[in-house]
Amino acid sequence: MGQLVTAGFDPARPAVIASTGVTMYLSKDTTAATLRRIAGFAPGSTLAMTFLLPPELLDDADRPGLEASKAGARSSGTPFVSFYTPDEMLGLARDAGFAEVRHVPGSTLAERYFAGRADGLRPSSGEDFLLATC
């Protein structure tokens with residue numbers, strides 16, 4: 001926190017924290033500790049965090065992509081170590097002390113931002129979002 005404050009972060013003011021593409025590399029204990037730390041920020045602070053779903057919750061078409069990503073991460077020395085169900089992630093955030101928590105399925109964002117694309121581009125069904133407010 002000291003380096004953030006030195007760089008101009010004011011812990012007494014609400015902040016927006018974005019953590020994308022991180023939780024899969026952290027143990028569940030480390031993710032819980034991170035959530036507890038952020039939940040202690042100024043009231044009104046908001047966290048947007050992505051998390052990977054367990055493979056059994058993915059659409060069948062997306063499982064091979066997840067397995068390829070896991071293999072690539074493992075071979076580069078940065079294996080995926082944590083996957084979360086939506087209820088599990090919401091529980092971690094509630095237990096950490098957030099005033100409000102919300103799960104946003106990746107499919108909701110895909111419908112909103114990728115529907116009707118002529119090229120068929122869409123995000124994987126395997127990454128969802130946690131929105132939490134202190």
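Here the dipole of the chain is about 400 debye; that uses its Cα centre as origin and unit charges on the Cβ of Lys and Arg (positive) and Asp and Glu (negative).
How would you rank 111-120, 76-85, highest first, on the average number of other Cβ atoms within 10 Å across their residues? Before the final figure, lay out each step's value.
Numbers: 111-120: 8.5, 76-85: 14.3.
Descending mean neighbour count gives 76-85, 111-120.
With θ taken as phi - 60° and the Karplus curve 6.51 cos²θ - 1.76 cosθ + 1.60 applied, the whole-hertz 3J(HN,Hα) list for region 26-40 is 10, 5, 5, 5, 5, 4, 4, 5, 5, 4, 4, 4, 5, 4, x Hz, x standing for glycine and proline.
For Tyr84, the residues 5 or more places off, or on other chains, whose built amide H falls under 5 Å of its own are Leu52, Leu53.
Derived scalar couplings between HN and Hα for region 93-109 equal 5, 5, 4, 6, x, 5, 6, 9, 9, 8, 9, 10, x, x, 5, 5, 5 Hz in order, rounded to whole Hz, by the Karplus curve 6.51 cos²θ - 1.76 cosθ + 1.60 (θ = phi - 60°), x for Gly and Pro.
Multiplying the sequence separation of Glu100 and Thr30 by 0.36 nm and subtracting their Cα-Cα distance, what value in nm do you get? Display every interim value, and only then the final one.
Values: separation 70, 0.36 × 70 = 25.20 nm, distance 2.08 nm.
Net length gain for the segment: 23.1 nm.
FRET efficiency for the Glu88 to Tyr113 pair, using the beta carbon distance and R₀ = 22 Å, is estimated at 0.30.
Every read-out reported here was derived from the displayed coordinates using simple, explicitly stated rules and does not represent laboratory data. The structure displayed is predicted, hence computed values, not measured ones. Neighbour counts run over all protein chains shown; Cβ positions are idealised from the backbone, glycine included.
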